[in-house]
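Below: one structure, written as structure tokens.
The values are calculated or read from the model by the stated rules, or taken from the named source; none is laboratory data. Just so we're clear, the structure is a prediction, and the values are computed from it rather than from any experiment. Glycine also receives a Cβ, built like all others from the backbone with ideal geometry; neighbour counts cover every protein chain displayed. With ligands, DNA and RNA removed, areas are computed over all heavy atoms of the protein, side chains included. Shrake-Rupley method; radii C 1.70, N 1.55, O 1.52, S 1.80 Å.
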Amino acid sequence: MTKDTVSATGGATTAAETQWDLWEVFTQEGEGAPHEHAGSVHATTPEHAMQNARDVYARRGKIVSLWVVPSGAIIASAPSDSGPFFDPGNDKAYRHPQFYKTPRGVRGL
Amino acid sequence: MTDQKSPAPAPAAGTADDAARVAEFEARIARGESIEPKDWMPERYRKQLVRMMSQHAHSEIVGMLPEGNWITRAPSLRRKMVLLAKVQDEAGHGLYIYCGTETLGVGREELVDQLLTGKAKYSSIFNYPTLTWADIGVIGWFVDGAAIVNQTMLAKASFGPYARAMVRICKEENFHKKQGYESVATLANGTPEQHAMVQDAVNRWWWPSLMMFGPSDKDSPNSAELIRWRVKRDTNDTLRQRFVDLTVPQARAVNLTLPDPDLRFDEESQQWEFGQIDWKEVYEVISGNGPCNRERLAARRKAHEDGAWVREAAEAYAAKRNVVSAA
């Protein structure tokens with residue numbers, strides 16, 4: 001993986017040398033909700049990234065929390081090895097409740 | 001530019017588009033799968049997306065100019081707040097889409113540079129002038145209305161980052177259209193002078209709005225390919241018809257006429273038939289000879305140059321901070 005030229009989400013950070021660093025933005029829509037990737041912003045400092053993220057991704061709505069992460073800090077799985085990489089999760093049917101037989105008439109399991 | 005961001009095993013430049021990979025890619029599209037930035041894609045698909053997305057992003061940015069022109073002259077504080085919020089949204093929409101093009105390995109700065117040097121295209125609608133306050137309402141109603149028809153389709157585009165940006169934009173764009181129509185309805189129900197002013201704006205913006213959907217299907221070189229790759233789902237003419245069918249009843253509801261003597265409802269197709277678009281005008285505006293092409297670019301360049309000190313200050317602050325934290 002070419003971490004210095006490409007962000008986890010694919011963004012180019014070296015397209016122009018004068019371009020500010022790329023930060024990935026995650027927003028939480030409402031308390032208790034997960035943080036979800038919203039997009040990215042360019043910024044010079046973490047505070048700057050946070051302000052830009054607010055202006056671009058939280059102009060309205062229920063955003064209660066923001067994360068900004070330097071794009072280069074995200075390590076992503078590659079599409080090419082997604083098959084073998086996720087295999088261990090697919091071949092163990094016994095991890096699912098449907099795998100198990102229950103005697104007829106028994107409830108609440 | 002783009003080879004460096006292909007996933008391992010890295011294809012050698014030039015051999016990437018081998019038939020097997022294209023077949024697998026098209027099978028994924030046919031299954032309705034979403035293509036993500038690090039997935040393999042034909043170079044042509046990437047190029048078409050960069051072209052479409054960058055033109056779209058530029059249109060959002062240039063689109064701020066005709067409306068920004070009226071912020072200081074909005075007739076009430078309410079309308080002024082609304083217009084400020086709308087123009088700010090347009091900046092945000094431009095940034096969402098630039099962020100999408102960056103996932104394809106094209107930097108925002110590179111694209112902005114293409115816009116400022118006049119190399120890039122943007123929607124020709126923004127090369128028409130906003131002559132009266134009524135234009136602002138009509139733009140929200142027609143131009144944002146047309147954009148919603150287009151973007152609702154693009155929200156199902158096969159390229160994930162583009163589709164996600166469109167979903168985000170569509171959620172916000174409905175406010176743009178409704179505020180415009182409210183403003184139009186207010187003027188249409190106002191004094192005779194106000195009604196005449198808004199009718200005049202409708203007369204000037206109707207045809208350019210229909211032109212926003214691009215050339216007719218028979219002259220649209222990119223359509224077939226874009227539909228095959230599910231970047232688009234409908235043709236230009238289909239989208240244009242959808243917009244006309246939505247808009248005609250809205251005009252009638254507020255006693256405004258549309259400047260087309262051939263406009264008539266076809267009972268058989270249940271659609272509004274409309275007259276011939278002046279394609280000569282379309283190509284004139286696209287090739288840079290619209291009423292405001294030069295003015296728009298000059299305004300964009302001035303804004304970019306006037307903002308230079310802000311960018312420099314941000315960089316100076318970051319540099320100073322790094323020195324302090326290193327000490």
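Accessible area per residue for the stretch B:256-312, computed on protein heavy atoms with a 1.4 Å probe, is 69 Å².
Mean projected area of the Cα convex hull of chain B, taken over all directions, amounts to 21.0 nm². To the nearest ten degrees, helix B:160-188 and the longest principal axis of the Cα atoms of chain B are 10 degrees apart.
All alpha carbon pair distances within the stretch B:279-325 were sorted into 5 Å bins beginning at 0; the resulting P(r) in whole percents reads 5, 19, 13, 11, 11, 9, 9, 7, 6, 5, 3, 2, 0.
The three principal axes of the Cα atoms in the protein assembly as shown give end-to-end lengths of 74, 69, 55 Å, sorted in falling order. Here is the list for the stretch B:107-139: trypsin sites (Lys or Arg not before Pro) lying in DSSP coil, each with at most 12 other C-beta atoms within 10 angstrom of its C-beta, are B:LYS119. The label point for A:ARG59 and the one for B:GLN55, both projected 7 Å from the Cα toward the Cβ, are 2.3 nm apart.
Efficiency by 1/(1 + (r/R0)^6): what FRET value for B:LYS171 and A:ASP87, r their Cβ-Cβ distance, R0 = 41 Å, to the nearest 0.05? The calculated FRET efficiency here is 0.65.
Per residue, the stretch B:67-152 exposes 34 Å² of accessible surface when a 1.4 Å probe is rolled over the protein heavy atoms with every protein chain present. Relative to the longest principal axis of the Cα atoms of chain B, helix B:236-253 runs at roughly 30 degrees.
Using R₀ = 51 Å, calculate the FRET efficiency as 1/(1 + (r/R₀)^6) where r is the Cβ-Cβ separation of B:TRP279 and A:HIS37; round to 0.05. In this case the efficiency is close to 0.75.
Along the axis of the charge dipole computed for the protein assembly as shown (Cβ charges of +1 for Lys and Arg, -1 for Asp and Glu, origin at the Cα centre), the listed residues B:TRP279, B:THR186, B:GLY68 are led at the positive end by B:THR186.
With the solvent-accessible surface defined on protein heavy atoms using a 1.4 Å probe, which residues belonging to the stretch B:98-124 display a reduction of at least 10 Å² in accessible area in the multichain context relative to the isolated chain? Residues passing the criterion (a loss of at least 10 Å², heavy atoms only) are B:CYS99, B:GLU102, B:THR103, B:GLY105, B:GLY107, B:ARG108, B:GLU109, B:GLU110. The largest-to-smallest principal axis extents of the Cα set in the stretch B:147-288 are 50, 39, 32 Å. Could you state how much accessible area is buried at the A-B interface, both sides summed, with a 1.4 Å probe, in Å² to the nearest 100? Buried: approximately 2500 Å² between B and A. Rounded to whole numbers, the Karplus 3J(HN,Hα) couplings from phi for the stretch A:32-40 are x, 7, x, 6, 10, 5, 10, x, 9 Hz, using 6.51 cos²θ - 1.76 cosθ + 1.60 with θ = phi - 60°, and x at Gly and Pro. Of the accessible area of the stretch B:277-319, computed with a 1.4 Å probe over protein heavy atoms only, carbon and sulfur atoms account for 58 percent. Contact residues in the stretch B:15-47 by the 20 Å² criterion (accessible area, 1.4 Å probe, full protein complex versus chain alone): B:LYS38, B:ASP39. For B:GLU315 and B:ASP200, a Förster radius of 45 Å and the Cβ-Cβ distance give a FRET efficiency of 0.45, rounded to the nearest 0.05.
All alpha carbon pair distances within the stretch B:116-184 were sorted into 5 Å bins beginning at 0; the resulting P(r) in whole percents reads 4, 16, 20, 19, 18, 14, 6, 2, 0.
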